[in-house]
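**Q** Below are the structure tokens for one structure; questions will follow.
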Number of protein chains: 2
Amino acid sequence: MLNVLVMMMVGLWTREACGLDNGLALTPPMGWLAWERFRCNIDCDNDPDNCISEHLFMKMADHMVSDGFLAAGYDVVSLDDCWMSHQRDNNGRLQPDPDRFPSGIKALSDYMHSKGLKLGIYEDYGNFTCGGYPGILGHLETDAQTFADWGVDYVKLDGCYANPDDMDQGYPMFGQYLNKTGRPMVYSCSWPDYQQNPNYNLIVPVCNLWRNYADIEDSWASVTDIMDHYADHQDQLSPLAGPGHWNDPDMLIIGNFGLSYEQSRTQMAVWAVLAAPLLMSVDLRTIRPEYRDILLNPAVIAVNQDPLGIQGTRVSKDNNIEIWTRPISPVHGDDHSFAVAILNRGDGGTPDNVELEPGKVGLNAVNGYNITDLFDKVTHGVVKPTDTITLQVNPSGVVLLGCVVMAG
Amino acid sequence: MLNVLVMMMVGLWTREACGLDNGLALTPPMGWLAWERFRCNIDCDNDPDNCISEHLFMKMADHMVSDGFLAAGYDVVSLDDCWMSHQRDNNGRLQPDPDRFPSGIKALSDYMHSKGLKLGIYEDYGNFTCGGYPGILGHLETDAQTFADWGVDYVKLDGCYANPDDMDQGYPMFGQYLNKTGRPMVYSCSWPDYQQNPNYNLIVPVCNLWRNYADIEDSWASVTDIMDHYADHQDQLSPLAGPGHWNDPDMLIIGNFGLSYEQSRTQMAVWAVLAAPLLMSVDLRTIRPEYRDILLNPAVIAVNQDPLGIQGTRVSKDNNIEIWTRPISPVHGDDHSFAVAILNRGDGGTPDNVELEPGKVGLNAVNGYNITDLFDKVTHGVVKPTDTITLQVNPSGVVLLGCVVMAG
């Protein structure tokens, strides 16, 4: 039913589309993005290993391949702010900082492509980027063409130093220029995040993904705040998502300084249920193996990348226990399979027992579901809608279930 | 100077002492306490490995010895609430739950003693414990004698279901009964935590440690809230601490579900600086090695156990960066050595550089300090009061320095 609605809305938007029509991001983008972990560190003299430089991105690319991230589906390595020179060149073209990117961006994209990766880049729909580097205003066509010439595969367009009222025209226009280059580039928009009442009828047909809410920070408080935003606004936001167009709750901070192991699994599970882009921002050189395993979990990634592209919702909230579900494939008749995330938002020290009755959270297929714990590999067997299974859920942790609908 | 003041106050209290005089806890108690991690789980039918039972405490005792905790100084294994039967026996004596402690508490303390450990127990100055089991009211002398007969070494006395106004008489009275048994038992009081304006002149001479503030929960938010409480009230609280009598900011939650690795180091460092009891509450059977290493770090434990017993303070707070210092031994002339904790309370994703000038945070010895990073073993050499060293401090993390004063 929800799926039918989504398909109808996609049809509507497609007819109205005036911006991007690139056939990309049919499942949520997966990759690595510099910002959350490396910010605007440009101090290569004192911190050569961590400053924003071609060296950093090449290193991350190496780890993307050698440590299994590319094989798992993470295929973009993306710059964020602070890669540029403060000056455009004599032709008005952007140029990278010459000290930190001496080989140029084309060489960097060549490096990515040689490894089977894609290159992402960052610009800003305004006079300056958030970090004070040149924005695209007055240079939309030039910058789109520059990115294409450089072999860029993915463009994030931020919204600092811009008038939010101009964005409804500006973002689609830049999307048209991206299209016009003929080079397929995923288009990531910060557009709605800068507006009070974004008009998603304009945004969804134009952008492959868009940020609706504040930047993620390195804390559980930030992750839960974002989760709550998407749950509290799910009636508006969830129907927007679908193949080619996704809500973006921002980066995965798994493996950094602020999340525990349990909390990291919770972010991964909820991002999977939300059909969110999986954009890691972590130092792949030093990430601990158990956090890498969360990011690489194939069953959880499969939920995120489910081809139906339906964004899940929070279907119940009872004290500290929240249940989130996402309809996924395979489908039998009218019945979807589901991913079900049971969250324990409490901090009570000891695990809570949660009784799950599938029919109470919308899993009503009469023949039941074959249920597996996607992190811990426990099998619950076939569970009918009125059966009950008991789950132990750790404080600030999650149990993520794959529920495959049984054929008639 | 601070030390002189503390010594004067200790002298004052000793003269006024009317309660406990047991010569114990000359450094902050170290051990393992059930509550934060195992709570009041009495469901041994469905959760036999984690319910409050003699089995659980014997298992923890085994790990205390085999995994190096006893050797590191953690020598108490302590029950908390929910160990009792709901009924006293025919002589009015407390008795353990017969199903969960079939061998009795005397057998449990024998087990602890056979391993070189001590047994802690829990009761409540009120009509009931917080969990609804029998409180000591009306049975003070009996219960003190029962604990002594059982070979108990440490008593935590909570304050649920009691009138806070009665505590100024009741807690000292129970301390006298403990003394009267002739058995040395550390006396942990929840007394001030239940009062609006606790009279520490009464508390400090009577209790070996006391809880001033709310229970810790399994979250960074809880840890930081507690840290802020002790810093915000340090002018009142820090002078109270000294050999035999300690402020207790509650248990170490390191190794559980809610803290990241960085946050765990921060709790350990701040608890060391605060001369806080180090009471772990974690499942020692499953704790990950890197968290065990934090708890076992000998250099950090040495700060906590410094024989001078001076409670440290937060000496600066500049945006997200806090500096906490604690005067420790060795002392040369009038100059103490120091432990210095540099906290990054931010969640900005990437480490911050912090410049530390020892003289600006009270380290003024003219010959300087030999400075070592106590977690990461980096040596900074001899640093003079007006020198500057630069430290990289991770978000929600800490750098803990040992600063040994140089002789003239």
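The values are calculated or read from the model by the stated rules, or taken from the named source; none is laboratory data. Since we're looking at a predicted model, the values are computed, not measured. All Cβ positions, even for glycine, are placed from backbone atoms using ideal geometry, and neighbour counts span all protein chains on display. Quick note on the areas: whole protein, heavy atoms, side chains included, nothing else; ligands and nucleic acids left out. Shrake-Rupley method; radii C 1.70, N 1.55, O 1.52, S 1.80 Å.
**Q** Tell me: how much accessible area in total is hidden between B and A, 1.4 Å probe, Å², nearest 100?
**A** So the buried area, both faces added, is about 2000 Å².
**Q** Which residue, A:57, A:38, A:257, tops the fluctuation ranking in a GNM of chain A built on C-alpha contacts under 10 Å?
**A** A:257
**Q** Moving on. Looking at chain B, send over the antiparallel percent of its DSSP beta bridges, to the nearest 5.
**A** Of the beta bridges lying entirely in chain B, close to 60 percent run antiparallel.
**Q** At residue B:89 and residue B:141, where each label point lies 7 Å from the Cα along Cα→Cβ, what is the point-to-point distance in nanometres?
**A** If labels sit at residue B:89 and residue B:141, their model points lie 1.9 nm apart.
**Q** Still on this structure, I have one more. Could you tell me which of rounded, prolate or oblate describes segment B:10-135, using a ≥ b ≥ c as the square roots of the eigenvalues of the alpha-carbon gyration tensor, with rounded for a/c under 1.5 and, failing that, prolate when a/b is larger than b/c and oblate otherwise?
**A** oblate
**Q** Related question: Which single residue of chain A puts its beta carbon nearest to the axis of rotation relating A to B, and what distance, in whole Å, does that give?
**A** A:260, 3
**Q** Here's another thing I want to ask about it. Go through A:356, A:144, A:398 and say which Cα lies farthest out towards the positive end of the charge dipole of chain A; charges sit on Cβ, +1 for Lys and Arg, -1 for Asp and Glu.
**A** So the residue we want is A:356.
**Q** Which of these, B:335, B:250, B:166, has the largest mean-square fluctuation under a Gaussian network model of chain B (Cα springs below 10 Å)?
**A** B:166
**Q** Calculated from DSSP H runs of 4 or more alone, at -39500 (n - 2.57) each and per residue, what is the 222 nm mean residue ellipticity of the protein assembly as shown, nearest 500?
**A** Only helices count here, giving -8500 deg cm²/dmol.
**Q** In square angstrom, what is the accessible area per residue of segment A:112-196 with a 1.4 angstrom probe?
**A** 36 Å²
**Q** In Å², what does the accessible area per residue of segment A:265-408 work out to with a 1.4 Å probe?
**A** Ligands and nucleic acids excluded, the result is 35 Å² per residue.
**Q** What ³J(HN,Hα) values, in whole Hz, does the Karplus curve 6.51 cos²θ - 1.76 cosθ + 1.60 give for segment B:45-56 when θ = phi - 60°, with x put for Gly and Pro?
**A** These are the phi-based 3J(HN,Hα) values: 5, 9, 9, x, 7, 10, 6, 6, 7, 4, 4, 4 Hz.
**Q** Can I ask one more? Out of the total accessible area of the protein assembly as shown (probe 1.4 Å, heavy atoms of protein only), what percent is carbon and sulfur?
**A** 49 percent
**Q** In the structure displayed, which of A:317/A:360; B:115/B:156; A:59/A:106; A:115/A:156; A:59/A:118; B:59/B:106 lie more than 20 Å apart, Cα to Cα?
**A** Going by Cα-Cα distance, B:115/B:156; A:115/A:156 fall outside the 20 Å limit.
**Q** Which whole number gives the average count of other chain Cβ atoms within 10 Å of the Cβ atoms across peptide B:394-401?
**A** 2
**Q** In nm, one decimal, shortest first: how far is the label point of residue B:71 (7 Å from Cα along Cα to beta carbon) from the matching points in the other copies?
**A** Distances to the matching label points in the other copies: 3.9 nm.
**Q** Every other copy gets compared here: list the nm distances from the residue A:114 label point (7 Å along Cα to Cβ) to its counterparts, shortest first, one decimal.
**A** 6.8
**Q** For chain A, what is the relative contact order in percent, using Cα pairs closer than 8 Å and at least 6 residues apart in sequence?
**A** Value for chain A: 14 percent.
**Q** Let me ask another. At a 1.4 Å probe, which residues in segment A:259-280 are at least 40 Å² less accessible with all protein chains present than in their chain isolated?
**A** In segment A:259-280, residues shielded by partner chains: A:260.
**Q** Using a 7 Å offset from the Cα along the Cα-to-Cβ direction at both residue A:43 and residue A:195, what is the distance between the two label points in nm, to one decimal?
**A** Simple spin-label model gives 3.9 nm for this pair.
**Q** List, in order, the whole-Hz ³J(HN,Hα) value for each residue of segment A:241-249 obtained from phi through the Karplus relation with A = 6.51, B = -1.76, C = 1.60 and θ = phi - 60°; use x for Gly and Pro.
**A** Each residue of segment A:241-249 in turn: 7, x, x, x, 8, 9, 5, 10, x Hz.
**Q** Considering only protein heavy atoms, what is the solvent-accessible area of residue B:316 at a probe of 1.4 Å, reported in Å² to the nearest 10?
**A** Looks like 40 Å² after rounding.
**Q** In nanometres, what is the gap between the two model label sites at residue A:127 and residue B:168, each 7 Å from Cα along Cα-to-Cβ?
**A** Taking the two extended label points, one gets 6.6 nm.
**Q** Per residue, how much space in cubic angstrom lies within the convex hull of the C-alpha atoms of segment B:227-382?
**A** Taking the convex hull of the Cα positions in segment B:227-382, it is 128 Å³ per residue.
**Q** So, one more: Amide H of residue A:279 versus every other amide H placed in the peptide plane: which residues, excluding those fewer than 5 positions away on the same chain, fall under 5 Å?
**A** Distant-sequence amide H within range of residue A:279: A:31, A:252.
**Q** Sticking with this structure for a sec: Identify which of A:47, A:110, A:334 has the largest mean-square fluctuation in a Gaussian network model of chain A, with springs joining Cα atoms closer than 10 Å.
**A** So, out of A:47, A:110, A:334, the one fluctuating most is A:334.
**Q** Check residue B:349: other-chain or 5+ apart residues with amide H under 5 Å from its amide H, H built from backbone geometry?
**A** Hits under the 5 Å cutoff: A:218.
**Q** Could you sort B:122, B:161 by accessible area so the largest value comes first, with the probe set to 1.4 Å?
**A** Largest accessible area first, the list is B:161, B:122.
**Q** Taking the Cα centre of the protein assembly as shown as origin, sum charge times position over the Cβ atoms of Lys and Arg (+1) and Asp and Glu (-1), and report the length of that vector in debye to the nearest 20.
**A** The dipole magnitude comes to about 1060 debye.
**Q** Counting only other chains, and only Cβ atoms inside 10 Å, what mean value do you get across the residues of B:340-348?
**A** The mean count of partner-chain Cβ atoms within 10 Å per residue comes to 3.
**Q** So if each residue of separation counts as 0.36 nm, and I subtract the Cα-Cα distance between residue A:22 and residue A:228, what length gain in nm does that give?
**A** The residue A:22-residue A:228 span can extend by a further 71.0 nm.
**Q** Which order do B:369, A:261 take when ranked by solvent-accessible area (1.4 Å probe, heavy atoms of all protein chains), largest first?
**A** Of B:369, A:261, the descending order of accessible area is A:261, B:369.
**Q** Does the protein assembly as shown come out rounded, prolate or oblate, given a ≥ b ≥ c as the square roots of the eigenvalues of its C-alpha gyration tensor, rounded meaning a/c under 1.5 and, failing that, prolate meaning a/b above b/c?
**A** oblate
**Q** How much accessible surface area, in Å² rounded to 10, belongs to the heavy atoms of residue A:76 with a 1.4 Å probe?
**A** For residue A:76, solvent-accessible area is about 10 Å².
**Q** Charges only on Cβ, +1 for Lys and Arg, -1 for Asp and Glu: so what's the dipole of segment B:273-408 about the Cα centre, in debye to the nearest 20?
**A** 260 debye
**Q** Using θ = phi - 60° and the Karplus relation 6.51 cos²θ - 1.76 cosθ + 1.60, list the HN-Hα couplings for segment A:393-402 in order, rounded to whole Hz, with x at every Gly or Pro.
**A** Whole-Hz 3J(HN,Hα) from phi for segment A:393-402: 10, 6, x, 6, x, 8, 10, 10, 10, x.
**Q** In nm, one decimal, shortest first: how far is the label point of residue B:85 (7 Å from Cα along Cα to beta carbon) from the matching points in the other copies?
**A** 8.6
**Q** Is the C-alpha gyration tensor of segment A:225-274 telling us rounded, prolate or oblate? Criteria: a/c under 1.5 is rounded; beyond that, a/b larger than b/c is prolate, otherwise oblate.
**A** In terms of gyration-tensor shape, prolate.
**Q** For residue B:291, tell me the accessible area in Å² from a 1.4 Å probe, rounded to the nearest 10.
**A** 20 Å²
**Q** Tell me the angle of helix B:2-16 to the major Cα principal axis of chain B, expressed in degrees between 0 and 90 and rounded to the nearest ten.
**A** With rounding to tens, the tilt is 20 degrees.
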